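S.K.: Pasting in a structure now, in structure tokens, and then I'll have a few things to ask.
Bear in mind these aren't lab numbers, they're just calculated from the coordinates by the rules spelled out. Note that the coordinates shown come from a computational prediction; the quantities given were computed from them, not determined experimentally. Backbone-built Cβ (ideal geometry, glycine too); neighbour counts: all protein chains shown.
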Amino acid sequence: MGIWSCLGTSLEEVRESLYTGKSGIILDPIRKEMGFRSGLTAKVEMPDLKKELNRSQRAYMPEQAKYAYCATVEALRNAHIDQDYLDTHAVGLLYGNDSSAEPTVRAVDTMREKHDTMLCGSGAIFQSMNSTVTMNLGTIFHLRGINLTISGACASGAHAIGLGALLIQNGLQDIVVCGGAQEVNPFSVGSFDGISAFSVREDEPEKASRPFDRDRDGLVPGGGAATVIIEEYEHAIKRGAPILAEVLGYGFSSNGEHISSPNVDGPSNSLRMAIKQAGIRLDEIGYINAHATSTHVGDANEAKAIYNVIGDSRIAVTSTKSQTGHEMWMAGASEIIYSMLMMQNDFIAANINFENPDEDSEKLYIPAQRIEKHFDTFVSNSFGFGGTNATLVVRRLAN
């Protein structure tokens, strides 16, 4: 695993933030100057890659590709995969990304102002394409297997992991670098702000993202990147890889209804499919990482969907978006890592800012304080615009 997040730029930093309930949300004055209804955002450190990559490599990378590079360096190191291995094996790449707004805006502004396309720069096209992350990672690390961007809105990162697992299960790849990345610049989320999707609790930024709480008033945008290396079991054993867990189930569905408003049946179907494929009982699930973004309809319908599937099982359910905001294209991958860090360290992070349940969330067990708990299996939900749903079931590897 490797991560670059508003909660930290290493697994250890992120683990500590999850354990202590630290929020990564701030108020950005630049957004207010730009006319944003909400200036709230997650604060993500911009990597300085001058000592690691040459000038031409950096010229092709928008911010989300830089985050993804850093997350992937950490993940490959932790997986004990060096460049010699990458150069001699067909390692695949599936990464979630569904926008590259800032480079597109910059290039268009240059064309309009200067009336000369040459001034956009040689890197503009590679930065602005939706596949920019896989383009850059594939060439930097010399990856020889599948190279594909997954654009599934806010389920992109989860679909990347699920599809990677399917490729491995079908014998088409031995190792796949999977993940999700999200740009954090204002241009990438201005249209979200324009439909009043964001919280306006600007006087208390750290309390603005409040999934499942009765008084939630919208999501907070975030981003960064998260990478997981998935591998065929016998292949991993043979090369002595440090195996953390197994992708046990992958469920998916489409709502087939409204383009932005979620329903209950789609998420319920995705959740049921993942649990069925995993072949586990409900009492084996120790934790559910909910998609819940802190919107009224989204959280309510997910709470209904979870209850539809688990009933009164009293499985702990939280949304780490209470700390990170909505990491969008990254979220499906980062929340696997957040859940893994909890599982490795025997705790479930608090659903911070959960003060008053509503009629739907009161049916679930949503801990507002951190709980110390050992568990071996978790479920993670990710849903996106257009009604795309993905659910992953992950189990700790038995010794």
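S.K.: Give the order of Val317, Val177 when sorted by the count of other beta carbons within 10 angstrom, beginning with the fewest.
M.R.: Val317, Val177
S.K.: Name the residue, out of Cys154, Cys178, Cys70, whose mean-square fluctuation peaks in a Gaussian network model built on the chain with Cα pairs under 10 Å.
M.R.: Comparing Cys154, Cys178, Cys70 in a Gaussian network model of the chain, the most mobile one is Cys70.
S.K.: Classify region 359-399: rounded, prolate or oblate, from the alpha-carbon gyration tensor (a ≥ b ≥ c, eigenvalue square roots; a/c under 1.5 rounded; otherwise prolate if a/b is larger than b/c)?
M.R.: The shape class here is oblate.
S.K.: Between Asn345 and Gln369, with labels modelled 7 Å along Cα→Cβ, what's the label distance in nm to one decimal, could you check?
M.R.: Calculated label separation equals 1.9 nm.
S.K.: Please say if region 266-312 is rounded, prolate or oblate, where rounded means a/c under 1.5 for a ≥ b ≥ c the square roots of the C-alpha gyration tensor eigenvalues, and otherwise the choice is prolate for a/b larger than b/c and oblate otherwise?
M.R.: prolate
S.K.: Right, here's the next one. Along the positive direction of the dipole of region 2-396 (beta-carbon charges: Lys, Arg +1; Asp, Glu -1; about the Cα centre), which of Ala71, Gly21, His115 reaches farthest?
M.R.: Of the candidates, His115 comes out farthest on the positive side.
S.K.: If you don't mind, another one. Would you please put 209-221, 44-56 in order of how densely packed they are, using the mean number of other Cβ atoms within 10 angstrom per residue and starting with the highest?
M.R.: Ranked by mean Cβ neighbours within 10 Å, highest first: 209-221, 44-56.
S.K.: Can you find, among Ser131, Val393, Asn381, the residue sitting farthest towards the positive end of the charge dipole of region 2-396, where Lys and Arg contribute +1 and Asp and Glu -1 at Cβ?
M.R.: Farthest towards the positive pole: Ser131.
S.K.: May I ask you to list the chymotrypsin sites (Phe, Trp or Tyr not before Pro) in region 39-85 that are in a DSSP loop and have at most 11 other Cβ atoms within 10 Å of their Cβ?
M.R.: Of the chymotrypsin sites (Phe, Trp or Tyr not before Pro), not one in the loops of region 39-85 has a Cβ with at most 11 other Cβ atoms within 10 Å.
S.K.: Kindly rank 373-383, 236-246 from highest to lowest mean number of other beta carbons found within 10 Å of each residue.
M.R.: The peptides rank, most packed first, as 373-383, 236-246.
S.K.: Quick one: which of Lys32/Lys304; Lys207/Lys304; Lys276/Lys363 span more than 27 angstrom between C-alpha atoms?
M.R.: Those over the limit are Lys32/Lys304.
S.K.: Among Gln173, Ser260, Val220, whose Cα sits farthest toward the positive end of the charge dipole of region 172-264 (+1 at Cβ of Lys/Arg, -1 at Cβ of Asp/Glu, about the Cα centre)?
M.R.: Ranked along the dipole, the leading option is Gln173.
S.K.: Another question about this same structure. Could you give the dipole magnitude of the chain about its Cα centre, charging the beta-carbon of Lys and Arg +1 and that of Asp and Glu -1, in debye to the nearest 20?
M.R.: So the dipole magnitude of the chain works out to roughly 460 debye.
S.K.: Could you sort 133-140, 200-207 so that the peptide with the highest average Cβ count within 10 Å comes first and the rest follow in order?
M.R.: So the order, starting with the most tightly packed, is 133-140, 200-207.
S.K.: Which residue, Met273, Met111, Met129, tops the fluctuation ranking in a GNM of the chain built on C-alpha contacts under 10 Å?
M.R.: Met111
S.K.: What is the distance in Å between the Cα centres of region 291-329 and region 196-225?
M.R.: Result: 14 Å between the Cα centres.
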